[in-house]
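Novice: Starting off with a structure, shown below.
The values are calculated or read from the model by the stated rules, or taken from the named source; none is laboratory data. Since the structure is predicted, the reported quantities are computational estimates derived from the model, not experimental observations. Cβ sites come from the backbone with ideal geometry, for glycine too, and all protein chains shown count toward neighbours.
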Amino acid sequence: MEIKTQGLVLDRPQTQPQLEEVIVADPGPDEVRVRLIASGVCHTDISAVRDARLWPVLLGHEGAGIVESTGANVSHVGPGDHVIISWRVACGHCIRCQRGRQDLCENVQATAARRVRRTNGKPLHVMLNAGTFCQYAVVPAFGAIPIRQDMPLQTAALIGCAVSTGVGAALYTARDAMLTFQPRAFMSKQQTIQGCIYGSCRPPIDFPLFVNWYLSGRMKMDELLSAVITPDALPQIFESDASPQSIRTIVAFGE
């Protein structure tokens, strides 16, 4: 059954996104609909307002929640499961994936059709195949990563981008290594600085691992959570071009 709810929509770049009523469709085959409990505000969301490639677009890409329903062929999660949203879903079949570099997947998955639309019937794009500034999100099946139910979902939302990008960059891209250089030596030794996507993480493996590390006290995450707001306060974050002053703001949709 389709669901009416509120979502933060950007009509076009460099304008103020607004909350509006949207309609979230049922999940299709190989898709999952998640009821979001929390969504983090990332600098990527801020920059999307300036640099959006597709619009109108439902913003948000970092979140955690509870599976509300699943489409055909989905067996790894079911209604009631707690999940973290992964905004980059690897295909598992391309040569990059076969070599264990899912972070470099050449065929990143999306839903078969746009699953969110305005009340006038016009479909909306969703940011990074997620669209988590809305209480419900339809994602490709493996964009819903199951986690332990004793993990607080407000904290789990941070794993969906902030934690995985930072921790993954240190563990998997840089590998716990310190880079120091002087400009001249940097040139003559032909050193390089390497970027990464999503911290070179493999979400189905690393998200549950990070959860275990947090719950066992091996990883700090609470210190990242500096503000919690309701969805009604979300548009205010985008009223200025300045970066947010907090480390991570969480939008809490409630249980």
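Novice: For the stretch 12-38, what are the residues that are assigned to a loop (DSSP other than H, G, I, E, B) and in contact (Cβ under 8 Å) with a residue 40 or more places away in the chain?
Specialist: Those that are assigned to a loop (DSSP other than H, G, I, E, B) and in contact (Cβ under 8 Å) with a residue 40 or more places away in the chain: R12, P13, Q16, P17, A25, D26, P27, G28, P29, D30.
Novice: Of the numbered conditions (1) in contact with a Cys (Cβ under 7 Å, 6 or more places away or on another chain); (2) at pLDDT 95 or above, T70 satisfies every one except a single condition; which is it?
Specialist: (1)
Novice: Right, something else. May I ask you to verify whether T173 is assigned to a loop (DSSP other than H, G, I, E, B) and β-branched (V, I, T)?
Specialist: Answer is no for this residue.
Novice: Do we find that G63 is surrounded by 23 or more Cβ atoms within 10 Å (Cβ to Cβ), at negative phi and either free of Cβ contacts under 8 Å to residues at least 40 places away in the same chain or not hydrophobic (A, V, I, L, M, F, W, C) (or both) in this structure?
Specialist: yes
Novice: Restricting to the stretch 43-60, what's the tally of residues that are assigned to a loop (DSSP other than H, G, I, E, B), among the charged types (D, E, K, R) and surrounded by 18 or more Cβ atoms within 10 Å (Cβ to Cβ)?
Specialist: Qualifying residue count, the stretch 43-60: 0.
Novice: Tell me yes or no: at least one residue of the stretch 203-218 is exposed (fewer than 14 other Cβ atoms within 10 Å of the Cβ), modelled with pLDDT of 85 or more and at positive phi.
Specialist: Yes, the stretch 203-218 contains at least one residue that is exposed (fewer than 14 other Cβ atoms within 10 Å of the Cβ), modelled with pLDDT of 85 or more and at positive phi.
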